[in-house]
Amino acid sequence: MKEHINAWTEQITPWMLNHGIKVLLFAIAAFILNKVICHFIDRTVRMAVLSSSHIDQEAERKREDTLIAIFSATIKIAIITVTSLMILQEFGVMIGPILAAAGILGLAFGFGGQYLIRDIISGLFIILENQYRIGDVVSFDLASGTVEEISLRKTTLRDLNGTVHHIPHGEIKKVSNMTSDYSRINLDMGVGYSTNLEHVIRVINETCNELAEDPNIKEAIIKTPQFLRVQDFADSAMILKIIGETQAGRQFEITGELRKRLKIAFDKEGIEIPFPQMVIHQAKIIE
């Protein structure tokens, strides 16, 4: 028994002094390299990601943490894969066939999963550039609605009807974000051609100022809505444009309230909101 132990020791000792030390060094180097690169990724992402004064710190931190986790996990998998192959080689395993098989598998996966890879890469850029975030109201070529979920592969929207849309990131060609940083009130009001413009402009601005002073709405208004210009001469009305700015996502609520108050103020001041009219001329019959 002792002779077997001595023989085994004589065989394993040279391997440990040569290959064993290399295996240990590979493992230590991989651990240190992973720590260094992850620290570099952490600092780089937090410096590179553009911040906005309209986004709270918690949302900004979550976006940065998501990107850091994605990049760190990718680097970790790459380091573990390379280190494992180097260690297997020290154990006498031929890694050539493994690399060849991995290449064929990667090629097959590349052909079969090209759309998945495209979705993931597009998702990375969407998160990195902060094109939109959860809670934003956005419009894609395929659908519009409120963003409920963003993953690496797809974005989930819910429209006004309550319908949920799952849209792969690779299918998104154009994004219109209606609640990025701030939103805008853009309201067109029609008044009769007989209306005194100075009078109606004063009524509009006074109504907008009253709206901005309402304690239930005041905090949502960034720039008080005001008369901007005569937008158009339509068939039955002069179109007046009113414009202002609100907190992101509050424009629909504020615009609806402003319409209600303008209707009440116009009725009180005798200002006509015309409807489409047609003048019919009756031809005289000559006997």
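Throughout, read-outs are computed from the coordinates displayed, never taken from laboratory work. Quick caveat: nothing in here was measured; it's all calculated off a predicted structure. Here the Cβ is made from the backbone with ideal geometry for all residues, glycine too, and neighbour counts use every protein chain on show.
Assorted remarks:
- For GLY190, residues with placed amide H under 5 Å, excluding near neighbours: LEU240
- Amide H contacts under 5 Å for LYS154: HIS169, restricted to partners 5 or more places along the chain or on a different chain, H placed in the peptide plane at 1.01 Å from N.
- For the stretch 78-95, backbone phi angles converted through the Karplus equation (6.51, -1.76, 1.60; θ = phi - 60°) give residue-by-residue couplings of 5, 5, 4, 5, 5, 5, 4, 5, 5, 5, 4, 5, 5, 7, x, 7, 6, 8 Hz, Gly and Pro being listed as x.
- Close amide H contacts of GLN131 (hydrogens built in the peptide plane, cut-off under 5 Å, sequence separation of 5 or more or a different chain): none are found.
- Karplus-derived 3J(HN,Hα) values for the stretch 151-161, using 6.51 cos²θ - 1.76 cosθ + 1.60 with θ = phi - 60°, are 10, 5, 9, 8, 10, 10, 10, 10, 8, 5, 7 Hz; glycine and proline are entered as x.
- Global geometry of the stretch 114-273, whether rounded, prolate or oblate, following the gyration tensor of its Cα atoms and the 1.5 cut on a/c: prolate
- Summary of packing: across the peptides 136-146, 68-78, the per-residue average of other C-beta atoms within 10 Å ranks them, highest first, as 136-146, 68-78.
- Cβ-based net charge around LYS173, under 14 Å, with every Lys or Arg adding one and every Asp or Glu removing one: -1
- Phi angles across the stretch 124-138 convert, under the Karplus curve 6.51 cos²θ - 1.76 cosθ + 1.60 with θ = phi - 60°, into 3J(HN,Hα) values of 4, 5, 4, 5, 5, 8, 6, 5, 7, 9, 4, x, 6, 9, 10 Hz, Gly and Pro given as x.
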